[in-house]
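For reference, the structure discussed in these notes is given below.
The values are calculated or read from the model by the stated rules, or taken from the named source; none is laboratory data. Since the model is a prediction, treat every value here as computed from it, not as a measurement. Every residue, glycine among them, receives a Cβ derived from its backbone with ideal geometry; neighbour counts consider all protein chains shown. The accessibility values were calculated without ligands, DNA or RNA, using every heavy atom of the protein model including side chains. Shrake-Rupley method; radii C 1.70, N 1.55, O 1.52, S 1.80 Å.
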Amino acid sequence: MEDANLQRLHCSVKNYDWGLPGRVSEVARLHALNSASEFHAEDPYAELWMGTHDSGPSFLASSNGNENGVSLKAWISENPDVLGHKVLHKWGSDLPFLFKVLSVGKALSIQAHPDKELARTLHKLHPDLYKDGNHKPEMALALTNFEALCGFITLKELKGVLHTVPEIVELVGATNTNLVLQTNDQDGEEKVKPVLQAVFTDLMSASKDRVTDAVNRLKSCLLKKSEVRQLTDKEQLVLRLEKQYPADVGVIAAFFLNHVKLNPGEALFLGANEPHAYLSGECVECMATSDNVVRAGLTPKHRDVQTLCSMLTYKQGSPEILRGVSVNPYVNKYTPPFEEFEIDRCILPQGETVVFPAVPGPSIFLVTVGEGTMNTGLPKGHVVTEGDVLFAAANTEISVTSASELNLYRTGVNSKFFQAS
């Protein structure tokens, strides 16, 4: 591929144990196509990483399709102009975003990502656990039906939980419970936040024996209830989580968080210090270039309960769902309130052409379905097919023509960043 403005990439895969087994994982399928490799039908395939993060770097493919050993990160630092001057000035000679595909087979940990200030502190104190000093806002755009826990439920809903789930009352104690029941929305955020923080911290800090006992009693109580009535969505979810992570405090913490369901083409964005856990389904995800995660439940990995409970915003209520804004008949743009990234979702019927206008920053394109050609104005276009990932330099107009229905996703720096700067 002799077009410096468009570079084909070979990408890294992560086999975390929450991933879907290879035979049904979109990550496994796309990675096998991307790297011309086989996948193992029963092994978990969790994440495909497209970008420059050291924990999962992408490499340039040579003109014969083989990896040429040069990482995208090294190539960008040798050719910084491909980022455009505004991106270079703001973030230095690296991509400010990391693009991923996720195949979620079982729940990820209840987690939050630190803001910049906390990330710098954590990285300094525990560089082995917190690998970089950056924040990690993120956005997940559903490829299939997708479920997540995200943000705290309202005060009214929380009071309902305390009235109906005695196992929680036992773990957090009467004082905390009464504090919540005596608090009203009229009290304002500065009064509500410390109450919610105290209750959640006590729950997440409860001893292993007490948690095991509470989870087991909750489970038998729900199984009994299921014989006489249909369980609520949240109750069914709690039983599912208990199967995946027996005796884990995260099973009970799920009652405190919103259970969000996305349809394909809907997106959810998460700011710093917001609690969340992806539960099931497949998505494309974009985030600031970081791998900082503070975990506290639904995980065999390191837990940092005190850091998590002290860093959360404790905002309450359902998260905003983005459905994208149509920029032409084939492309929807998803713009989160973070300057590092945005995502375009393109569904191009057979035989049609769409133009991605030149933007002042870099982009990464991922083809998930179909085949076609990408053109940067040179005489010869690039044939693209599912599993292809391409880096596009700043200020490059790209037209795409489909040979069969083509689904592709583009991520780039948020257009609002360029309008503002």
If I build a Gaussian network model for the chain, linking alpha-carbon pairs within less than 10 angstrom, which residue out of Asp128, Asp213, Asp81 has the largest mean-square fluctuation?
Asp128
Using a Förster distance of 56 Å, the FRET efficiency for Asp185-Asp17 (Cβ separation, nearest 0.05)
0.90
Can you give me the % of accessible surface on the chain that is carbon or sulfur? Probe 1.4 Å, all protein chains present, nothing else counted.
51
Taking the Cβ-Cβ separation of Ser318 and Val24 as r and a Förster radius of 30 Å, what is the calculated FRET efficiency to the nearest 0.05?
0.50
At 0.36 nm per residue, and after removing the present C-alpha to C-alpha distance, how many nm does the segment from Ala247 to Ser37 gain when stretched out fully?
71.8 nm
Quick check on the chain: what are the equivalent-ellipsoid semi-axes from the Cα gyration tensor, as sqrt(5λ), descending, whole Å?
41, 22, 20
If ligands, DNA and RNA are left out, what is the accessible area of Arg210 with a 1.4 Å probe, given in Å² to the nearest 10?
110
Rank-order 117-123, 283-289, 95-101, 36-42 by packing density, defined as the average count of other C-beta atoms within 10 Å over each peptide's residues, highest first.
95-101, 283-289, 117-123, 36-42
Taking only Cα atoms, what is the 0 to 90° angle, nearest 10, from helix 26-35's long axis to the longest principal axis of the chain?
30
Extension gain Asp128-Asn263, at 0.36 nm per residue separation less the Cα-Cα distance, in nm?
44.9 nm
Using only alpha carbon pairs under 8 Å that are at least six residues apart, calculate the relative contact order of the range 325-419 and give it in whole percent.
39
Just list whichever of Lys90/Lys261; Lys208/Lys243; Lys106/Lys416; Lys86/Lys333 have alpha carbons separated by over 27 Å in the model shown.
Lys90/Lys261; Lys106/Lys416
Using the heavy atoms of the protein chains alone and a 1.4 angstrom probe, what is the accessible area of the range 325-419 per residue in square angstrom?
38
Kindly identify the range 32-139 as rounded, prolate or oblate by the Cα gyration tensor criterion: order the square roots of the eigenvalues as a ≥ b ≥ c, call it rounded if a/c is under 1.5, otherwise compare a/b with b/c, prolate if a/b is larger, else oblate.
oblate
Mean ellipticity per residue at 222 nm, deg cm²/dmol - from DSSP H runs of n ≥ 4 across the chain, formula -39500 (n - 2.57)
-9000 deg cm²/dmol
Using a basic spin-label model with each label point 7 Å from the Cα along Cα→Cβ, how many nm lie between Glu405 and Asp233?
2.7
